[in-house]
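Step one of this worksheet: look at the structure below.
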Amino acid sequence: MAVESYRMLGSTMALQGDVAGAERVLREALTLEGAGAYSKATLGWLLATSGRRTEAEQLLRELEMARGEGYVSPVAFAILYIGLGNRPEALNWAERAYDERRGWLAYVNVNPIFDPLRTEPRFTALVKKMRL
């Protein structure tokens, strides 16, 4: 199974309330070849939303360090900031992802991870600008 399949499975399990199972799957995803920022960000989102903020913040620092060494998608930062409950920063990164034309942003209207942003005027404006 590809890394992306693990990430999708882990996020689905988390959204269904299986936090322990989701964490196991997402941690396993990080051990696979090709694992990257999205897997780390999704694990950080899970940890933050399940009350393990310190661990999530450590993953955020790791993403920031990785960004110093190469490209990290703004979508990854948006996901992690959503988990941390920092809506303004999540929106900053989502808008940056739009500016960079990041493909994963196309799912903002259907990905439940983005639900906490839906009531934000900036999110509504972003979706409208994307013509979704």
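Which loop-located chymotrypsin sites (Phe, Trp or Tyr not before Pro) does segment 29-132 contain, where loop means any DSSP state but H, G, I, E or B and the Cβ has at most 16 other Cβ atoms within 10 Å? Please list the in-between numbers first.
Values: sites: Y38, W45, Y71, F77, Y81, W93, Y98, W104, Y107, F114, F123; in loops: Y71.
Sparse-neighbourhood loop chymotrypsin sites (Phe, Trp or Tyr not before Pro): Y71.
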Only helices counted: for the chain, with every DSSP H run of 4 or more residues adding -39500 (n - 2.57) and the sum spread over all residues, [θ] at 222 nm is -21000 deg cm²/dmol
accessible surface per residue for the chain, probe 1.4 Å, DNA/RNA/ligands not counted, whole Å² -> 53 Å²
Taking protein heavy atoms only, a 1.4 Å probe, and rounding to whole percent, the accessible area of the chain owed to carbon and sulfur comes out at 51 percent
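Extension gain R87-R52, at 0.36 nm per residue separation less the Cα-Cα distance, in nm? Walk me through the intermediate numbers first.
Values: separation 35, 0.36 × 35 = 12.60 nm, distance 1.78 nm.
In short, 10.8 nm is gained.
The values are calculated or read from the model by the stated rules, or taken from the named source; none is laboratory data. This is a predicted model, so every value here is computed, not measured. Here Cβ is always computed from backbone atoms with ideal geometry, including for glycine, and neighbour counts include all displayed protein chains. Just the protein is used for accessible areas: all its heavy atoms, side chains included, with ligands, DNA and RNA removed. Shrake-Rupley method; radii C 1.70, N 1.55, O 1.52, S 1.80 Å.
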